[in-house]
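*Asks:* Right, I'll just put the structure down here and ask away after.
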Amino acid sequence: MNMEIDLSIEVLGLRLIHPLMNASGILGHMPEHVDILKSYGVSAIVTKTFTLKPREGHKEPIIVELPNGGILNSMGLPNPGIIGLERIIKSAKSRNIPVIVSVGGSSIKEFSEVAIKAEEAGANAIELNLSCPHTKSYGLELGQDPLIVYEVVREVSGSIKVPVVAKLGLTDRIIEIAGKALEAGARALTLINTIKAMYIDIFAAKPFLSNIYGGLSGPPIHPIAVRVVYDVYREYEGIEIIAAGGAIDWHSVAEFLLAGAKAVQLGTALILKREKAIPEILKGLYVWLGELNIKSLKEVVGLANRK
Amino acid sequence: MRSSNYITMYDLGEGFLYTTGRVVDAQRIGQRFCRLKLRLGRDLGEVSPFQFVMAGLPGEFEIPLTVSMYNREKLILDLFFKVREYSTEKLCGSIKYISLRGFYGKNRLNLVIGDKVLYITEDLGFSSLPLLISWIKKNSKVLDVIMVFENESEIFEVAKLIDMDFSGRIVQCIRSDLEERLDLVTKSTTSNTWKTILAAGGRELLKKACELAYELGAEGVIAPYTRIKCGIGACGYCIIPRTKYLLCVDGPIFKCSELASYLGLEHGD
Ligand SMILES: Cc1cc2nc3c(=O)[nH]c(=O)nc-3n(C[C@H](O)[C@H](O)[C@H](O)COP(=O)(O)O)c2cc1C
Ligand code: FES
């Protein structure tokens, strides 16, 4: 079959050559990381979550690869603070890659201060981390309360001009929380973050991570992430969703697109496969679309949701 | 999959492995060093010199340690390290099990190594000596070593660490004498026969080794140290400054030319 297939997508007002970006936390806090992510082939860079002040994160052990193909991490949001923003954004800009800055905070004020700094430094969009499941006073501790989500998103959207994405995690109230984020001005939603989990060393008879709990990523969470994307897209049809959670190959990316995602973030896949991940997925998507006789990737977004 | 009799473990996908090691022996060597022998719950795969494991106590700490020796048949792993703070004190103490992830540093020592090698190493790089020497023997190469100690009180009898039956020489010196030693080495009659200058240590030592390699027309191969947090290419903390290399996945060794901007080398090699 010799058909021109268009894998480009428009999301957050950015025209991306394909829908694959790194997930926040896979590199993304030092200027040197930009070249590595570029060599992986991402269409946009998502930074590590930046907070106002530098954070050391949790002490090691902070990560473990699990027998089921997942990764459990409890980094504790280590980052250089806003002082490090300018260098990485500049580095991405000089290489012509759009940059989405992930912003964290333990208060509404911190979220908006970091977002303002990121915009001033040249960020193309802001992703609000309302979903990290393992860091006290950050992330999911705030993001599971619909009212706090509303307040944070409203405050940040009102303080900056670039698009705001709310990154939400798995909770029982995800549909309601998603609605609040959209109502408050979120241009898009990133769904989902890692899922709170733990690993026990059976000889030490102790939790392995120093923080006891971590966030599970990779293939084991993919069916859950697909379900969340599907449900939220069904509820708020036409919204922009960026999916994350266990996308490891073209097949799992295709599922996300069909469930309603316009773009897909890769975390664990980039750790496991590095520069091989994205070319492999793009090749697979190309063949898959050809097989379906579909000319543009845009046409499959949300297709599984048709009534 | 090989496994020892007290436990069977599993493969963790693309080469990332976790196991528990039972401490078989913990021995202090000299005043500041420790040699640890562990029997692993499962095979961690083939290892090559300078690769490392993340070793620790679950829930408490985890540190990168270079593999000193690994017997795949018997699943015996040797670690050799300088005892310097709580975690290394504890590892050399009376604990029974140690958690291990590895082997990390995917870029294995291979054919970039010439027939006659000079290895210059500071204390952190001593750990790789046993494995390096066994590799050198297996590949019929010659190895001369300069071991650089912080001060005289740290010097130990090297036969306690390595099998001395190999082709080459070992010189021990303290840091303040290194310049002099290197000068002697460069001017020695054998200097022009080294095909590879290998070095492990801090930036200054690596820079000197690369300059020496350039001077002698040899290949410079270096094992730098950085902070290691995750060990699997996720966090980015092990980036070699001003390069695009992550030590934990692109390392553990590099050609001097690859790290020229980090070392501030005037020439590329
Ligand atoms: C090592 C690691 C660090 C992460 N750090 C962050 C972070 O700083 N901010 C954030 O929003 N998500 C973070 N995440 C979550 C990812 O962005 C992503 O949502 C999650 O890993 C699911 O995607 P995956 O299964 O493709 O890895 C991190 C994930 C991993 C594995
Ligand atoms: S330690 Fe190498 S990327 Fe984390």
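The values are calculated or read from the model by the stated rules, or taken from the named source; none is laboratory data. Just so we're clear, the structure is a prediction, and the values are computed from it rather than from any experiment. Virtual Cβ from ideal backbone geometry, glycine too; neighbours counted across all protein chains shown.
*Asks:* Do we find a residue being within 16 Å of ligand 1 (Cβ to nearest atom) and either under 27 Å from B:Leu143 (Cα atoms) or not assigned by TED's automatic domain parsing to the domain that holds B:Ala209 (or both) anywhere in region B:240-255?
*Replies:* yes
*Asks:* Same structure again: Considering only residues that are in a loop (DSSP other than H, G, I, E, B) and over 27 Å from A:Ile71 (Cα atoms), look in region B:214-242 and name the one that is farthest from ligand 2 (Cβ to nearest atom).
*Replies:* Among residues in region B:214-242 that are in a loop (DSSP other than H, G, I, E, B) and over 27 Å from A:Ile71 (Cα atoms), the one farthest from ligand 2 (Cβ to nearest atom) is B:Gly217.
*Asks:* To continue, here is another question. Kindly provide the set of residues from region A:14-37 that are surrounded by fewer than 21 Cβ atoms within 10 Å (Cβ to Cβ) and within 17 Å of the chain's Cα centre (by Cα), ordered by number.
*Replies:* Within region A:14-37, A:Leu14, A:Leu16 meet the criteria.
*Asks:* Within region A:51-93, which residues are modelled with pLDDT of 95 or more, buried (at least 20 other Cβ atoms within 10 Å of the Cβ) and among the charged types (D, E, K, R)?
*Replies:* Correct list: A:Glu60 only.
*Asks:* Just to check your reading of the model, which residue among B:Ile113, B:Ile155, B:Ile120 is among the β-branched types (Val, Ile, Thr), away from every other protein chain (no Cβ under 14 Å), surrounded by fewer than 19 Cβ atoms within 10 Å (Cβ to Cβ) and more than 18 Å from B:Lys37 (Cα to Cα)?
*Replies:* It is B:Ile155.
*Asks:* Between B:Gly201, B:Gly236, which is of a type in the set (Gly, Ala, Ser), farther than 17 Å from B:Lys116 by Cβ and within 16 Å of ligand 1 (Cβ to nearest atom)?
*Replies:* On inspection, the qualifying residue turns out to be B:Gly236.
*Asks:* Out of the residues in region B:168-209 that are hydroxyl-bearing (Ser, Thr, Tyr) and at pLDDT below 90, which is surrounded by the fewest Cβ atoms within 10 Å (Cβ to Cβ)?
*Replies:* B:Thr189
*Asks:* For residues in region B:243-254 being within 14 Å of another protein chain (Cβ to nearest Cβ) and more than 7 Å from ligand 2 (Cβ to nearest atom), which is surrounded by the fewest Cβ atoms within 10 Å (Cβ to Cβ)?
*Replies:* B:Lys244
*Asks:* Could you tell me whether region A:215-232 includes any residue that is more than 18 Å from A:Phe256 (Cβ to Cβ) and touching a residue at least 24 places away in the same chain (Cβ under 8 Å)?
*Replies:* Yes.
*Asks:* Report, ordered by the first and then the second residue, all pairs with beta carbons closer than 9 Å, sequence separation of six or more or different chains, a first member in region B:235-249 that is free of Cβ contacts under 8 Å to residues at least 40 places away in the same chain, and a second member that is within 6 Å of ligand 2 (Cβ to nearest atom) and aromatic (Phe, Trp, Tyr).
*Replies:* Close Cβ pairs satisfying both conditions: B:Leu246/B:Tyr237.
*Asks:* Which of (1) away from every other protein chain (no Cβ under 14 Å); (2) β-branched (Val, Ile, Thr); (3) in contact with a strand residue (DSSP E or B) (Cβ under 7 Å, 6 or more places away or on another chain); (4) within 30 Å of B:Tyr18 (Cα to Cα) is the odd one out, the single condition B:Ile162 does not satisfy?
*Replies:* Looking at each condition in turn, B:Ile162 falls short on (3).
*Asks:* Take region B:15-26 and flag every residue that is assigned to a strand (DSSP E or B) and within 14 Å of chain A (Cβ to nearest Cβ).
*Replies:* If the condition is that a residue be assigned to a strand (DSSP E or B) and within 14 Å of chain A (Cβ to nearest Cβ), then B:Leu17, B:Tyr18, B:Thr19, B:Thr20, B:Gly21, B:Arg22, B:Val23 are the ones that fit.
*Asks:* A:Glu141 - would you say it is away from ligand 1 (no atom under 13 Å from the Cβ) and either crowded, with 24+ Cβ neighbours inside 10 Å or modelled with pLDDT of 95 or more (or both)?
*Replies:* no
*Asks:* Would you pick out the residues in region A:45-97 that are over 21 Å from A:Glu127 (Cβ atoms) and away from every other protein chain (no Cβ under 12 Å)?
*Replies:* A:Ser94
*Asks:* Can you tell me how many residues within region B:10-26 are surrounded by fewer than 16 Cβ atoms within 10 Å (Cβ to Cβ), within 21 Å of the chain's Cα centre (by Cα) and at pLDDT 90 or above?
*Replies:* Residues flagged as surrounded by fewer than 16 Cβ atoms within 10 Å (Cβ to Cβ), within 21 Å of the chain's Cα centre (by Cα) and at pLDDT 90 or above within region B:10-26 amount to 1.
*Asks:* Among (1) buried (at least 22 other Cβ atoms within 10 Å of the Cβ); (2) of a type in the set (A, V, I, L, M, F, W, C); (3) within 14 Å of another protein chain (Cβ to nearest Cβ), there is one condition A:Ile212 misses while meeting the rest; what is its number?
*Replies:* Of everything listed in (1) buried (at least 22 other Cβ atoms within 10 Å of the Cβ); (2) of a type in the set (A, V, I, L, M, F, W, C); (3) within 14 Å of another protein chain (Cβ to nearest Cβ), A:Ile212 misses just condition (1).
*Asks:* Name the single residue that is nearest to ligand 2 (Cβ to nearest atom) among those in region A:5-40 being away from chain B (no Cβ under 14 Å) and closer than 17 Å to A:Thr268 by Cβ.
*Replies:* A:Met21
*Asks:* Could you grab me the full set of residues in region A:241-264 that are surrounded by fewer than 24 Cβ atoms within 10 Å (Cβ to Cβ), away from chain B (no Cβ under 14 Å) and either over 13 Å from the mean Cα position of the chain (by Cα) or within 16 Å of ligand 2 (Cβ to nearest atom) (or both)?
*Replies:* If the condition is that a residue be surrounded by fewer than 24 Cβ atoms within 10 Å (Cβ to Cβ), away from chain B (no Cβ under 14 Å) and either over 13 Å from the mean Cα position of the chain (by Cα) or within 16 Å of ligand 2 (Cβ to nearest atom) (or both), then A:Trp250, A:His251, A:Ser252, A:Ala254, A:Glu255, A:Leu258 are the ones that fit.
Residues checked against (1) among the small types (Gly, Ala, Ser); (2) crowded, with 18+ Cβ neighbours inside 10 Å; (3) within 14 Å of another protein chain (Cβ to nearest Cβ); (4) not in a strand (DSSP E or B):
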{"position": "B:Arg28", "(1), (2), (3), (4)": "no, no, no, no"}
{"position": "B:Cys34", "(1), (2), (3), (4)": "no, yes, no, no"}
{"position": "B:Glu46", "(1), (2), (3), (4)": "no, no, no, yes"}
{"position": "B:Met54", "(1), (2), (3), (4)": "no, yes, yes, no"}
{"position": "B:Pro64", "(1), (2), (3), (4)": "no, yes, yes, no"}
{"position": "B:Arg84", "(1), (2), (3), (4)": "no, no, no, yes"}
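*Asks:* For region B:215-240, what are the residues that are within 14 Å of another protein chain (Cβ to nearest Cβ), more than 20 Å from the chain's Cα centre (by Cα) and not small (Gly, Ala, Ser)?
*Replies:* B:Cys235
*Asks:* Could you check B:Ile7 against (1) surrounded by fewer than 22 Cβ atoms within 10 Å (Cβ to Cβ); (2) at pLDDT 95 or above and say which number it fails?
*Replies:* Evaluating B:Ile7 over (1) surrounded by fewer than 22 Cβ atoms within 10 Å (Cβ to Cβ); (2) at pLDDT 95 or above leaves (2) as the failure.
*Asks:* Additional query: Please verify whether region A:219-227 includes one or more residues that are surrounded by fewer than 20 Cβ atoms within 10 Å (Cβ to Cβ), basic (Lys, Arg) and assigned to a helix (DSSP H, G or I).
*Replies:* yes
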